[in-house]
RNA sequence: GUGGAUGUAGCUCAGUUGGCAGAGCCCCUGGUUGUGGUCCAGGUGGUCGUGGGUUCAAGUCCCAUCAUCCACCCCA
C-alpha cells in the first residue's frame, strides 16, 4: 500500500490498548493530585515566542534549537510550548490570581513540543504531567512537591527510581559562583571539548550537565555550588533535606545537578530510573522564585516539576503495544445481523440497551460466524442475533458467550432480560 | 547538528554464488443451509522505501536519496 500521508517525525498515534494504559495512569494521577490540593489547568498550546525566550532563557538548548516557532501573517512570532511553567505563570498573572489568598496549585497533563532528534523515549510531541505551586517560598513546600512527584510514580507502580536534589542558590549568591566557575573553566579550557566551550560564556553552570569524562574530572576539582550559596539559601536547603527525611522520601544530594532552564533558583531536583539504558530522566523540577516578577507580576515565589509521560510508560513496561494485536474497545453486548433489515432491527434494539450497558451493532454484513468471532474479540458477554425469523417474530436470539446457552427473547422483554443476566 | 543500524504482504520476518517473490500471524470464505474462543481446507493481499547504474537477468551488486530505529548532544 502506498500511503499518501504519514505522521510527522517524532510524533505518535496513541490508541487501542495503549490509550487504555494512558487512561489508567491519568485517572490515578488525577486522584493523587486532588489529594495534594491541585486543580487542573489547561492553557493554549501556542504562546507568544517571547514568553519562552524570556523565561526559559536564551542560551538554553530548548530556546536555541528546539522550539517550534513560526510567524503569523500579521508578523507576530508564535511558539508551540516546549514546557508548561511559563504558560502557567502567564495564566496566573493574566487571570488576576495574584489576588487569591494562599498558594495557587495547578496541575496539567498536556502535550509539549520540542524539535529534537527523536529516539527511544524522546519525541517531538510528548506529554507531561506536572504541577506548579505559586505563592509560597516555604522549603517545606519544596519537600512536599518532591513527595508529590514520588506519589505520582507510586500511583502507577513505577519502581526503581532515585530522587536527586540540589540547591543552585539565588540572585544574591549564584552570580558570584558562576563568575568563579567561568574563570576556573577559562583557566582549564584545554580540558573542555571544543564544541562545549561556548557554554562557558553563555551558561557555565550547564557544564555540569556534560557527560564528558574530562569535564567531569575537571569539575570534580572545583568547589561545589552547595558550598558557595548564601546563608539564607543554605538554611532553605537544610530544611528541604530535613523535611524530606521526615517524610521518608528517599533521596540523595547531587551538587552537579543544575537544570537546563534559566528560571530555576534554590531547590532543583530530578527523578531518574536507576536501571535501563534508555532515557532515564523521568522528572525534572525546581523552584523559580523570580519568574513571576520577571513576567511583570509582583515578587512571588513558586515551585514546580514535570514528569515525562511517555518515558514513565516506557519505564513501566518495555513491551510496545502492537496495534495489530490490540483489541478494540470492550462491549457488553454484541449484535450480529443478517442483512440490512436485521441491522435496522438491531439498532432499534440496541437503543433500548444503551442507557444501561455497552452495545455494538455489527454492520459489516459478514457471515454470522465472522460476526460471532468479533463478539468474542470484543469480549462481549452476550451475543444477540437478528435474522429474518427474528424480525418476523419480533425477538432476538440471545446467547451467553460464557456458557454457550442460547434462547429467544422478545424485544419487549430485552432490557429486563439483559439486566437480569448482567446483574445476576 | 554528529555517528551507527535497518527498509520485502496490514504486522513480525525469511529470501542461498544475481535466475519464477515466500512463511507465520492478522483478515475473508468454506467445513457447520444462521453462531465465538480450538481444529482443518482454501483465498485476498507485494511499485521488494524511492531514483539512477552494472548485467542477458537485480529483492540480492554499486551510487544517490528518503524514511524509521538506536546512540551522541541535550532533555521529559
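A short reminder: the numbers here are calculations on the coordinates, not readings from a lab. These numbers were taken from a predicted model, which means no experiment stands behind them. No Cβ is skipped: glycine too gets one built from the backbone with ideal geometry, and neighbour counts run over all protein chains shown.
Taken along the Cα-to-beta-carbon direction at a fixed 7 Å, the label points for residue A:410 and residue A:26 span 4.4 nm.
Averaging Cα coordinates gives a centre for region A:219-291 and one for region A:81-107; these two points are 23 Å apart. Over the residues of chain A, the helix contribution to mean residue ellipticity at 222 nm works out to -11000 deg cm²/dmol, using -39500 (n - 2.57) for each DSSP H run of at least 4.
FRET efficiency for the pair residue A:328 and residue A:65, taken as 1/(1 + (r/R0)^6) with r the Cβ-Cβ distance and R0 = 41 Å, rounds to 0.50.
Taking the number of Cβ atoms within 10 Å of each Cβ as an exposure proxy, the fewest-first ranking of A:124, A:7 is A:7, A:124.
Taken over chain A, the convex hull of the Cα atoms encloses 216 Å³ per residue. Annotation for residue A:180 and residue A:245: the two label points, set 7 Å from Cα along the Cα-Cβ direction, are 2.5 nm apart. With Cα atoms as the point set, region A:330-422 shows a radius of gyration and Dmax of 11.5, 30 Å. For region A:167-231, the fraction of C-alpha pairs more than 17 angstrom apart is 35%.
Please list, by residue number, everything in region A:335-363 whose backbone N is under 17 Å from a paramagnetic label point 7 Å out along Cα→Cβ of residue A:420. Output list for this probe position: A:353. Working note: Cα atoms of region A:108-251, range along each principal axis, descending, whole Å: 48, 42, 29.
Note on A:251, A:23: ascending count of other Cβ atoms within 10 Å places them as A:23, A:251, the fewest first.
Classify region A:6-93 as rounded, prolate or oblate from the Cα gyration tensor: take a ≥ b ≥ c as the square roots of its eigenvalues, call it rounded if a/c is under 1.5, otherwise prolate when a/b beats b/c and oblate if not. Note, shape of region A:6-93 comes out oblate. Taking the Cα atoms of region A:203-266, the ratio Rg/Rh between the radius of gyration and the Kirkwood radius comes to 1.00.
Of A:355, A:214, A:260, the residue with the greatest mean-square motion in the GNM of chain A, using alpha carbon springs below 10 Å, is A:355.
Cβ-to-Cβ counts within 10 Å put A:30, A:300 in ascending order as A:30, A:300, the fewest first.
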